[in-house]
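Enquirer: If you scroll down you'll find the structure; I have some questions about it.
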Amino acid sequence: MTVDTVRLVEVAPRDGLQNEPREVPTEVKVELIERLADAGLPAVEATAFVSPKWVPQMADHAEVLERIHRKPGVDYPVLAPNLKGFASARAAGATEVAIFGAASEAFSKKNINCSIGESLERFRPIADEAKKHGIRVRGYVSCVLGCPYEGEVAPERVAEVASSLYEMGCYEVSLGDTIGVGTPGKTRAMIEACAKRVPIEKLAGHYHDTYGQALANIYASLEMGVRTFDASVAGLGGCPYAAGASGNVATEDVVYMLNGLGARTGVDLAKLVAIGRWICGVLGREPSSKVNKAFKLA
């Protein structure tokens, strides 16, 4: 397998921090975003324009987005799941927003209190408004390889949701193994189904490492032609459906593997390791990245 360039979307400032029990100061979030951009990440998901009632950690979303010094060539997407969130994100200077659906009806109802079909109808006006204002939209699909309530999820159902998001104007659709139960064989089958409805170059992988399968699933996705992946420095962001389980795959581990494959990411691994150690020090935890633990900084 020949792998040339791989684009990484760093999700630690939003997906990684949103469930932290203690409030993370705004200046720490801003520094984290800026350091990740300086390490060569081409996209850093900055924050989420959601109700502070539901996600208190993201209450400072506007301030975070307004305070960061934006590096030319770096994207700073923000989550905006409804029109109110989109309007606030636009007012704060967002140039890219993300919307998220689910491939599981039960998960959709528990997570955003509506059916899959209803959620997609909620997103359509956001996509329309974004188009009017020249703001890019990225789509997420949750539970693509399994659901905590329904168990197995059919690849065809994932493809339907991915296709709907793509058709409404998402430039890319990120396929999320929310509970980290996927294996390479199931990942291949899921991507194969999605690629029949959405061009492979418009698909991204977002794999959690609950069962230690994230890197294997990324490798399987690379074999299928996927070239964009989401990851979180130091593996920040646990899996809310499995107590004590690791959540997001660590960016350091992904970069180390991609370096070994000869892929170009533009990411400085030593800087990434230093960022992982710094933010974990601030949060009072150990990095879940294997590479971070093993890596010797000069």
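The values are calculated or read from the model by the stated rules, or taken from the named source; none is laboratory data. In this text the structure is predicted, and so the values were computed from the model without any measurement. Counting neighbours? That spans all protein chains shown, and the Cβs are built from the backbone with ideal geometry, glycine included. Calculation scope for accessible area: heavy atoms of the full protein, side chains included, ligands and nucleic acids excluded. Shrake-Rupley method; radii C 1.70, N 1.55, O 1.52, S 1.80 Å.
Enquirer: Provide the net charge surrounding LEU272, with neighbours chosen by a C-beta distance below 13 Å and charges set as Lys +1, Arg +1, Asp -1, Glu -1. Could the numbers behind the result be given before it?
Expert: Working: positive: ARG35, LYS271, ARG277; negative: GLU10, ASP38, GLU252, ASP253, ASP268.
That works out to -2.
Enquirer: Once amide H atoms are built 1.01 Å from N in the peptide plane, which residues 5 or more positions from LEU203, or in another chain, come under 5 Å H to H?
Expert: Residues meeting the criterion, in which the H sits 1.01 Å from N, are VAL173.
Enquirer: Given a 1.4 angstrom probe, what's the average accessible area per residue across the range 128-278, in square angstrom?
Expert: On the way: 5650 Å² over 151 residues.
Normalised by residue count, the accessible surface of the range 128-278 is 37 Å².
Enquirer: Running a GNM on the chain with Cα contacts under 10 Å, which residue among ARG14, ARG136, ARG22 ends up with the highest mean-square fluctuation?
Expert: ARG22
Enquirer: Using amide H atoms built 1.01 Å from N in the peptide plane, name the residues 5+ places from VAL9, or on other chains, whose amide H lies under 5 Å from its own.
Expert: Close amide H contacts, sequence-distant or interchain: PHE229, ASP230, ALA231.
Enquirer: Follow-up question, since we're still on this one. Once neighbouring chains are kept in place and the probe is 1.4 Å, which whole percent of the accessible area of the range 12-132 is contributed by carbon and sulfur? Before the final figure, lay out the partial values.
Expert: Values: 2760 of 5440 Å².
About 51 percent, which is the carbon plus sulfur part of the accessible surface.
Enquirer: Now, a different point. Quick one: what are the phi-derived ³J(HN,Hα) couplings along the range 62-74, Karplus 6.51/-1.76/1.60 with θ = phi - 60°, whole Hz, x for glycine and proline?
Expert: Coupling constants for the range 62-74: 5, 5, 4, 5, 6, 8, 5, 7, 7, 8, x, x, 9 Hz.
Enquirer: Rounded to the nearest 500 deg cm²/dmol, what is the calculated helix-only ellipticity per residue at 222 nm for the chain, with -39500 (n - 2.57) per DSSP H run of length n ≥ 4?
Expert: Result for the chain, helices only: -12000 deg cm²/dmol.
Enquirer: Where does the charge balance sit around LYS110 when Lys and Arg score +1, Asp and Glu -1, over other residues with C-beta under 15 Å from its C-beta? Write down the numbers at each step before the final one.
Expert: On the way: positive: LYS109; negative: GLU105, GLU118, GLU150.
Charge balance near LYS110 sits at -2.
Enquirer: Which net charge results for the neighbourhood of THR251, defined as the other residues with beta-carbon distances under 15 angstrom from its beta-carbon, given Lys and Arg at +1 and Asp and Glu at -1?
Expert: Details: positive: ARG7, ARG14, ARG35, LYS271, ARG277, LYS290, LYS293; negative: GLU10, ASP15, ASP38, GLU45, ASP209, ASP230, GLU252, ASP253, ASP268.
Here the count lands on -2.
Enquirer: While we're here: Mind listing the phi-derived Karplus ³J(HN,Hα) values for the range 249-262, rounded to whole Hz, using 6.51, -1.76 and 1.60 with θ = phi - 60°, and x for any glycine or proline?
Expert: 5, 6, 4, 4, 5, 5, 5, 4, 5, 5, 4, x, 8, x
Enquirer: Here's something else I'd like to know. Rounded if a/c is under 1.5, else prolate if a/b is larger than b/c, else oblate: which is the chain, with a ≥ b ≥ c the root eigenvalues of its Cα gyration tensor?
Expert: Values: a/c = 1.37, a/b = 1.08, b/c = 1.27.
Verdict is rounded for the chain.
Enquirer: Moving to a separate point now. Which shape class applies to the range 109-175: rounded if a/c is under 1.5, otherwise prolate when a/b exceeds b/c and oblate if not, where a ≥ b ≥ c are the square roots of the Cα gyration tensor eigenvalues? Walk me through the numbers on the way to the answer.
Expert: Values: a/c = 2.60, a/b = 1.78, b/c = 1.46.
Because a/c hits 1.5 or more and a/b exceeds b/c, the range 109-175 counts as prolate.
Enquirer: Can you run phi through the Karplus equation (6.51, -1.76, 1.60; θ = phi - 60°) for the range 36-42 and list ³J(HN,Hα) in whole Hz, with x for Gly and Pro?
Expert: Here the 3J(HN,Hα) series is 5, 5, 5, 7, x, 5, x Hz.
Enquirer: Rounded, prolate or oblate, given the Cα gyration tensor of the range 144-261, with a/c below 1.5 counting as rounded?
Expert: Working: a/c = 1.71, a/b = 1.23, b/c = 1.39.
Verdict is oblate for the range 144-261.
Enquirer: Same structure again: Specify the residue with the greatest mean-square fluctuation among GLY276, GLY205, GLY93, computed from a Gaussian network of the chain linking alpha-carbon atoms under 10 Å apart.
Expert: Among GLY276, GLY205, GLY93, the largest mean-square fluctuation in the Gaussian network model of the chain belongs to GLY93.
Enquirer: Hey, any idea what % of the range 141-287's accessible area is carbon plus sulfur with a 1.4 Å probe?
Expert: Values: 2660 of 5380 Å².
Taking all protein chains in place, the range 141-287 shows 49 percent carbon and sulfur surface.
Enquirer: Starting from the amide H of ASP75, placed 1.01 Å from N in the peptide plane, find each other amide H under 5 Å away whose residue is 5 or more places distant or on another chain.
Expert: Amide H neighbours of ASP75: ALA43, VAL44.
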